[in-house]
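**Q** The structure's right below; bear with me while I get my questions together.
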């Protein structure tokens, strides 16, 4: 595998040249600031997330057009573009049937309800894809991914150097991995608010498999942007906390919610497209928890317990409600 | 009137300080690259338009939050966010009633169908407003403006130094002003394609009046983003060309269309909100043409006829269809 180090948001000419040189069939676009809490820490992070993600994505679209290479862009989006709890029905894959005034039937891009600046950039990306697809017939697949958990795929487990990073902190740690790490370290699981948030989940092996499926099933020239919901199942956060607590004996620590979001939401999501293309999704399986816990125990000495509590607050009101959090001490049990 | 020269897309700290110092009730946000043809000239212009407009708009939202000033943002949007010819019914003001699967009634932001990178930035702006409004309760009015024509308002006509710039070129000249200028200069009117594009128009006096009305009718704290259609009427481009040709004796030159757009479209737009707030819109009035033509004649010596033809082509196919345009010579008749 070849590696080229360039900043997609800045090194435009190098990007065009790379695409011309490589003549890729597919471009998997992960080059974005990827964390909602990071994007909400303050104006510096909000601005970086917008500027990096939107400029990078626009550069990629422009570069594919400029390079005159009919490469299929596979983009990592998020389930968060749909919003949570606003729909009241099953969330379809990208597009939704609507009846407009006068009884006109239409099929439109699902309305965007982002819950953070990070999620907003994925909505902006989606609009740019719609535009470049219409104007230049670029071929795009947008993957609306759920919360990823797990550490290894069948490939990465073959060599320690291939292991993915494991984020457990308040900014980058996704919820289930965070709980698993907290459980393994013997610190209380940090549930925000009532834990009534329902989210979509997918194991990291299936993430990799979905990208493979997307690459092998590109839209045809002139087709609209393809959108898949890249999820295995939906679960409520407090139920996951309970599951991990039972497995590990950890306590559950209910914290005030640092995020501006509904306390409780239902979530019903279609993932038919990937299933029809051969995905047999891994659902939350306690046996897989063991693997994550092994990884966590192996690297326990690297854990900084001061990074576990939320350190990003969506707005002034949420920050005030969380003002006492700093006083909570997290101590790691000796194992 | 005080003037401060700063780049909203870059000088973030200065912007926050300015808002803190001034404690404005309203901020009228015009600080964006404003031309669709310019935004489509090439990747350099596409990238600049995205980076400048989106970063600037995000900076303004962040700055209002950071400065802790409850300023009402009045933003210049465009009718182009709705797309042309996709709706099949009256375009409402910003939000549209829909029936979702299962008979669920909803009122959503009108789907975005931008026709250029410039128009796309206005759609991205709209999504950022939705987000910051939800997260931080910022107060925003987005003005979806039609094509502006005319040169003077009752205020600017009082002193020559207040006269607005007058763009007649292929990149910045909006269609009716371009025709009026071409008519006054005695060069053929440049109609793109069949001229079947229907667009919304507004006189520059009403633009100023609408901004005043918007400022005087701000949304309340916690209200959703207010959206007005800032238009007086809709007209078909070839009908406008005919009107100007009859007035001025100019010929009409049908050119291949440099834009990726439908050759013909209908357009039915609501402008009830402004009318209910006291706007009595000026419609296309040949008497007002005289004023523009006087301005044009006065500054005729500044006109560069090589700038009149389109110099921006939406995609490769449109560029190829327009390949012979360079050979067309535009000569100014001696008057």
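**Q** I need the peptides B:122-129, B:289-296 ranked by packing, meaning the mean over residues of other C-beta atoms within 10 angstrom, with the highest value on top.
**A** Sorting B:122-129, B:289-296 by mean packing, highest first, produces B:122-129, B:289-296.
**Q** Of B:239, B:70, B:285, which is the most mobile in a GNM of chain B whose springs link Cα atoms less than 10 angstrom apart?
**A** Largest GNM mean-square fluctuation: B:285.
**Q** In the protein assembly as shown, what percentage of the DSSP-assigned beta bridges are antiparallel, given to the nearest 5?
**A** Roughly 30 percent of the DSSP beta bridges within the protein assembly as shown come out antiparallel.
**Q** Let me ask something else. In a Gaussian network model over chain A where Cα atoms closer than 10 Å are linked, find which of A:238, A:161, A:104 has the largest mean-square fluctuation.
**A** Evaluated over chain A, the most mobile residue of the options is A:104.
**Q** For the protein assembly as shown, what is the per residue volume of the convex hull drawn over the alpha-carbon atoms, in cubic angstrom?
**A** 162 Å³
**Q** Please give the contour-minus-distance gain from residue A:26 to residue A:6: 0.36 nm per residue of separation, less the Cα-Cα distance, rounded to one decimal in nm.
**A** 5.4 nm
**Q** So, one more: What angle do you read, to the nearest 10 degrees and between 0 and 90, between the alpha-carbon axis of helix B:12-22 and the longest principal axis of chain B?
**A** Long axis of B:12-22 versus the principal axis of chain B: about 70 degrees.
**Q** With a 10 Å cut-off between alpha carbons and a GNM built on chain A, which of A:223, A:13, A:142 moves the most?
**A** Fluctuation is largest for A:13.
**Q** Where in segment A:269-299 does the label zone of residue A:217 land, with the point 7 angstrom along Cα→C-beta and an amide N cut-off under 13 Å?
**A** From segment A:269-299, the list is A:271-281.
**Q** Given the -39500 (n - 2.57) contribution per DSSP H run of 4+ residues, what per-residue ellipticity at 222 nm results for chain A, rounded to the nearest 500 deg cm²/dmol?
**A** Taking each H run of at least 4 residues, the total per residue is -11000 deg cm²/dmol.
**Q** Ignore the peptide's own chain and count Cβ atoms of other chains within 10 Å of each Cβ in B:307-315; give me the average, rounded.
**A** Average per residue, whole number: 1.
**Q** State the antiparallel share, in %, of DSSP beta bridges confined to segment A:20-312, rounding to the nearest 5.
**A** 30 percent
**Q** Starting with the highest mean, order B:88-95, B:315-322 by the number of other Cβ atoms within 10 Å, averaged over the residues of each peptide.
**A** Order by mean packing, descending: B:88-95, B:315-322.
**Q** Then there's this: Take residue A:291, project a point 7 Å from its Cα along the Cβ direction, then tell me which residues of segment A:30-46 have their backbone nitrogen under 15 Å from it.
**A** Taking a point 7 Å out along Cα→Cβ of residue A:291, no residue of segment A:30-46 has its backbone N under 15 Å.
**Q** Next up: Suppose each label sits 7 Å from its Cα in the direction of the beta carbon; what would the residue A:194-residue A:266 distance come out to in nanometres?
**A** 1.4 nm
**Q** On to the next question. On a 0 to 90 degree scale, rounded to 10, what angle separates helix B:43-67 from the longest Cα axis of chain B?
**A** With rounding to tens, the tilt is 30 degrees.
**Q** Hey, another quick one. Normalised by the residues of chain A, what does the relative contact order come to in percent, with Cα pairs under 8 Å and at least six apart?
**A** Relative contact order of chain A: 21 percent.
**Q** Additional query: Just tell me how shielded B:280-292 is by partners: mean number of partner chain Cβ atoms within 10 Å of each residue's Cβ, no decimals.
**A** Mean inter-chain Cβ contacts per residue within 10 Å come to 0.
**Q** Separate question: State, to one decimal in nm, how far the label point of residue A:242 lies from the label point of residue B:301, with both points 7 Å from Cα in the Cβ direction.
**A** Distance between label points: 8.6 nm.
**Q** By how many degrees, between 0 and 90 and to the nearest 10, does the Cα long axis of helix B:237-248 differ from the longest principal axis of chain B?
**A** 50 degrees
**Q** Next question. Which FRET efficiency, nearest 0.05, do residue B:160 and residue B:323 yield, Cβ-Cβ r, R0 41 Å?
**A** Efficiency, rounded to the nearest 0.05: 0.50.
**Q** Please compute, for peptide A:123-135, the average count of beta-carbon atoms on other protein chains lying within 10 Å of each residue's beta-carbon.
**A** Mean inter-chain Cβ contacts per residue within 10 Å come to 6.
Where a number appears in this text, it was derived from the coordinates with a stated rule and is not lab data. Everything quoted here is computed from the prediction, not taken from an experiment. Heads up, the Cβs are rebuilt from the backbone with ideal geometry, glycines too, and the neighbour counts pull from every protein chain shown.
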